[in-house]
Structures are given as C-alpha cells and as structure tokens.
Amino acid sequence: MEYDERLARFRQGHVNPFDRGENDGTTDRKDTPKLEVRPELFSGEPKSQSSDRAMDLGLAEDHFSRPVGSFVASDIEQLKQAIEECKRLILELPEHSERQKDTVVKLIHLRLKLQELKDPEEDEPNLRILLEHRFSKEKSKSVKQTCDKCSTIIWGLIQTWYTCTGCYYRCHSKCMNLITKPCVRSKVSHQSEYELSICPEVGLDKQDYRCTECRSPVSLRGVPSEARQCDYTGQYYCSSCHWNDTAIIPARVIHNWEFEPKKVCRSSMRYLALMISRPVLKLKEINPLLFNFVEELVEIRKLRQDILLMKPYFITCKEAMEARLLLQLQDRQHFVENDDMYSLQDLIDISSGRLSCSLTEIHTTFAKHIKLDCERCQAKGFVCELCKEGDILFPFDSHTSVCQDCSAVFHRDCYYDNSTTCPRCARMTERKQEEVEL
C-alpha cells in the first residue's frame, strides 16, 4: 500500500498538462500504460548523477558570455566553490577516464575566468615610463614568463604585461605602480665598471637583517624569509629579489681565472648581462700577472697588436674599404681601437678557445689582402735598410721589429745586432738640420 501511494505521488508530480485526457483531473488507471519504475528514483539519486550535478557547479550560469562589468563578488565566490568542487571530483574519478579529462578542462576554464575577474583587461598604453624604465606593452601569449615584482606567472592570454626595453624587467600591468627598482641600464650608463672584489660581504647585521633592495625582514634561518647572498655584491636579499639565478663573476675571472657561475640577485644578473660586452677591463692595470699564467691571453694580445698595425693599410685602401674588411670585427669594435681593453665576453671566449680561432681566421684574411691580393698595400711594405736583403717586410710579420720613433721595419735579427741608430731616423734628423741651416 505504501508503495502504491509513493507511485501515485510520483505520477502526480509528473502530470503532463498538455494531455487532453487529464483535463478533467481524473486518471483512468486501466487506460494508462504502465510506467517502468526504477527503484533508484525513490531510494535516492545515484552517485553518478550527483557527480554530474556537482561537476556542473559554477557552469550552470553562462559565466563566459556575460559582460565583464556585470561580475560581482558573488560570482567570484561561486567560481571559487566550483574550482574546489572540480578539484575534489578529479581526485575521486577514475584516472585517465574521459570524465576526469573533461573535469580538468572545466577546472582550467574556471581558473582562467577567476584570474580574469581579479585582473580585468583594460585599455593600457603601449609605452609607459617609470623610474627610468621604458616599458613596452607585450603582445606575446606565452605563459612561460614570470613577473619580476610579484614572482608569479604572467598569463599572457588574459593579462596585460610589460617589458622594459632597457633592462628587460617584466611585470604585470597591475604591478607597475608597486615597482621600486630603477632601470639597471641607467646604472650601466652612469657607472660602467665592475665590482672587482670577490664577494665583498659586510654581514647580515650591517643590513639590519633586511633585504638590500626591498628592505623586507630576512634571516639565515628562513624566518620570516630566507636570506640569500649575491656573490657579486656580497649582500643579502629576500627570495623575491634573489631567484637563485647564476652568472659569471668578473672579479673571480680576473683574479682566479674562474668561470664557474655563482648565484646572484636579479638586479646583479641584469647588470652583468648588460655589461658583459662592454670593454671596461684593463688587465694590464688590474692584474698584469695574469698574462704570465694564461698563454691564450698572450696569443690574443699579439693578434690584436697585429690588427692595429694592419688598420692603417685598410683605411687608406679603396679595395679594403669597399670590401669592408674591418667590419668583420664589428662585434668587437674595441679590437681595432686598442689592444689592452677587454670585455667579460672576451675573457669567456678566450677561456673556451672560440676567440682564438675566430681572431686567427680574421688575422689571416687581413694579412692575405695586404701581402698577396692588393698591389697598393704591397707597395707600402718595407725593405730592411740594415741588410738590404730579403722579401718585402710588413710591421705585423712575426720575424720583424719596428722602430718606435719612425715606424720603419727591419729584420728582427738585424735590428738587435745593429748597435747604430735607425737609418731612417738618421736621415730624417739630417734633413731637419739642413732645413734649419737654410
């Protein structure tokens, strides 16, 4: 009897109002076809139906088509609840099942939408200037970038972000007003020199147990934040200013010829990256003994000296100017200006052997043009006036010596065996005396 009553209530709750046979409010049980009654309709909803209903939580409303301005706090709370429910369902559903994959996709959409609500896209300017940074609006949709201010991922699909064209500082649009670090390129422009002391540590107590840049509290025990030392400056930074990036330290290269990367803070990493190609290291003054221990440096110095001796031939040779031979050193312009200034990249390439190979090849090309290919350059050669024998000499030949006063070229053996003065210098002196007498 109880079963019949429950069945009647179920049928009454599902009456079809468009059925004409039921207009009078009566039901003929004989004419009514028997319904297939499922016990689960009365014993409760199955777990699968409950899971489907929970999985649709947060998606019942069309969040993805509503205008951005119409979202309120309740929408964010509903999305958060839907995210938590999706996370719970992913753990409960069978692994690698289709339903689990669909739930993961829904979770991703919900998280993206929640992020968009927190950081709505606005019409941002393409260029912004702040603390000497020149921020340019990025169009890349990559998600591999990280904000240098808040240390979180930049979701390029839904977030506006900027990159400094000077120091490549990246940040969200919403984080720009919180930036306190000036552009590192301005420091490179005003202070183009390295710290040449190896890790000049002063101690965490001298920093008042605070980060050097943002002044947030730090300690060696990691409470409230871990103190991380920069091997370049020797100072301590918090985890937001020091990401355990590594870089080659100039002081260790110059004093120890050591090229193992060390951990540095973010600002030091950018500074070293901008300075790596600048020729600011004068090794003869900083550490002249380095040439006694590193043979490659002696070889590079000799090649650079030869190139400087070849330069006058090229700047007065029409064919060399048309062939633009000196542009082969455009990446290292200081090589055609002096022979004693080095960049950190030069020293790195010397250590790896790359610079020796490339510079030797360029040296060979230059010498071939002067001694074999160009008649004008050949005519500017020298004949040894001491022995007056042998082939035409050039100042960059390995077996020659050059007079420091008149730049005349002689055989090395002849020059050192001759105890008299340079014949060319003697002629020039005699000519000057004759002019004075006249």
Open item on the list: If you filter the stretch 179-267 for GluC sites (Glu not before Pro), then keep DSSP loop positions with at most 11 other Cβ within 10 Å, what is left?
Closed with: E193
Task: Sites D373 and L196, calculated FRET efficiency, Cβ-Cβ separation with R0 45 Å, nearest 0.05 - done: 0.55
Task: Residue order, fewest to most surrounding Cβ atoms within 10 angstrom, among W155, W257, W161 - done: W257, W155, W161
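With charges set only on the Cβ (+1 for Lys and Arg, -1 for Asp and Glu), what does the dipole of the stretch 128-178 come to about its Cα centre, in debye to the nearest 20?
160 debye
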- [ ] Report the label-to-label distance for S358 and E132 in nanometres (one decimal), using points 7 Å from each Cα along the Cα→Cβ vector.
- [x] 2.9 nm
Task: Binned Cα-Cα distance frequencies in the stretch 191-243 - 10 Å width, integer % - done: 28, 51, 18, 2
Open item on the list: Just to confirm my numbers, what's the Cα centroid distance between the stretch 273-320 and the stretch 327-353 in Å?
Closed with: 6 Å
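For the stretch 352-392, which GluC sites (Glu not before Pro) are in a loop by DSSP, counting at most 11 other Cβ atoms within 10 Å?
Of the GluC sites (Glu not before Pro), the ones in loops of the stretch 352-392 whose Cβ has at most 11 other Cβ atoms within 10 Å are E389.
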- [ ] Output the Cα-based Rg and Dmax of the stretch 285-376 in Å, rounding Rg to one decimal and Dmax to a whole number.
- [x] 14.0, 43
Open item on the list: Taking the Cα centre as origin and putting +1 on Lys and Arg beta-carbons and -1 on Asp and Glu beta-carbons, what dipole magnitude results for the stretch 381-438, to the nearest 20 debye?
Closed with: 80 debye
TODO: Using only Cα atoms, locate the centre of the stretch 181-251 and the centre of the stretch 365-404, then give the distance between them in Å, rounded to an integer.
DONE: 54 Å
Task: FRET efficiency estimate (nearest 0.05) - Cβ-Cβ, S140 to S240, R0 22 angstrom - done: 0.40
TODO: Report the FRET efficiency, 1/(1 + (r/R0)^6), for Q81 and E258, where r is their Cβ-Cβ distance and R0 is 41 Å, rounded to 0.05.
DONE: 0.15
TODO: Hand me the GluC sites (Glu not before Pro) from the stretch 261-340 located in a DSSP loop with no more than 15 other Cβ atoms within 10 Å, in residue order please.
DONE: E337
Task: Label point distance in nm, V280-Q100, each placed 7 Å from Cα along Cα→Cβ - done: 5.5 nm
Open item on the list: Projecting each Cα onto the charge dipole of the stretch 321-438 (Lys/Arg +1, Asp/Glu -1 at the beta carbon, about the Cα centre), which of H334, C406, C425 comes out farthest on the positive side?
Closed with: H334
TODO: Would you mind computing, in nm to one decimal, how far apart the modelled labels at A426 and L157 are, each placed 7 Å from Cα along Cα→Cβ?
DONE: 8.7 nm
Open item on the list: Bins of 10 Å, beginning at zero and ending with the bin holding the largest distance: percent of Cα pairs per bin for the stretch 327-438, please.
Closed with: 11, 30, 28, 21, 7, 2, 0
TODO: With the convex hull built on the Cα atoms of the stretch 170-298, state its orientation-averaged projected area in nm².
DONE: 9.5 nm²
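Bear in mind that the values in this text are calculations on the coordinates, not laboratory data. This is a predicted model, so every value here is computed, not measured. Virtual Cβ from ideal backbone geometry, glycine too; neighbours counted across all protein chains shown.
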